[in-house]
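Derivation of every value follows stated rules applied to the coordinates shown; laboratory data play no part. In this text, all values refer to a predicted model and were calculated from it rather than measured experimentally. We place every Cβ from the backbone using ideal geometry, glycine too, and count neighbours over all the protein chains shown.
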Amino acid sequence: MKTDNVVQEKSYAFALRIINLHKFLKNNKNEYDLARQILRSGTSVGANVEEAIGAQSEKDFISKISIAYKEARETHYWIRLLRDSHYIDDRQADSLLSDCTELQRIIGSIQRTVKHKNDK
């Protein structure tokens, strides 16, 4: 997937990583509940970014990008929980957490930019 939209590209790549984590948790760890939770929140980040890109109004954009940010925060929580409960090792967790934190920063910056624009 090649786009000029960094958050779109990174959230898609992150969703692919989350899908692979979901498969790993189900197939190697026999963990289904946490796997389902991380799959839902981790893929929702990119889905909401896509919805924001296609928003019909600025209010709709703000709503969808805000949901993407909240989903990224929730995913960050699930990754930490999987690490601390030893379902994934520190190396796996650190890599995923780094990507997730980067997405949070990008999306948070988008939120602040839109809010600042509206405050003028």
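Suppose we filter the stretch 55-74 for residues that are charged (D, E, K, R) and either crowded, with 16+ Cβ neighbours inside 10 Å or under 10 Å from the mean Cα position of the chain (by Cα) (or both); how many remain?
5
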Kindly indicate whether any position in the stretch 89-104 is more than 20 Å from residue 22 (Cα to Cα) and surrounded by 14 or more Cβ atoms within 10 Å (Cβ to Cβ).
yes
Any pair with Cβ under 7 angstrom, 6 or more apart, that starts in the stretch 26-43 at a residue that is part of a helix (DSSP H, G or I) and ends at one that is small (Gly, Ala, Ser) and surrounded by 15 or more Cβ atoms within 10 Å (Cβ to Cβ):
26/35; 42/15; 43/15
Under the condition of being without any contact (Cβ under 8 Å) to a residue 24 or more places away in the chain and not aromatic (Phe, Trp, Tyr), which residue from the stretch 73-84 is farthest from residue 104 (Cα to Cα)?
84
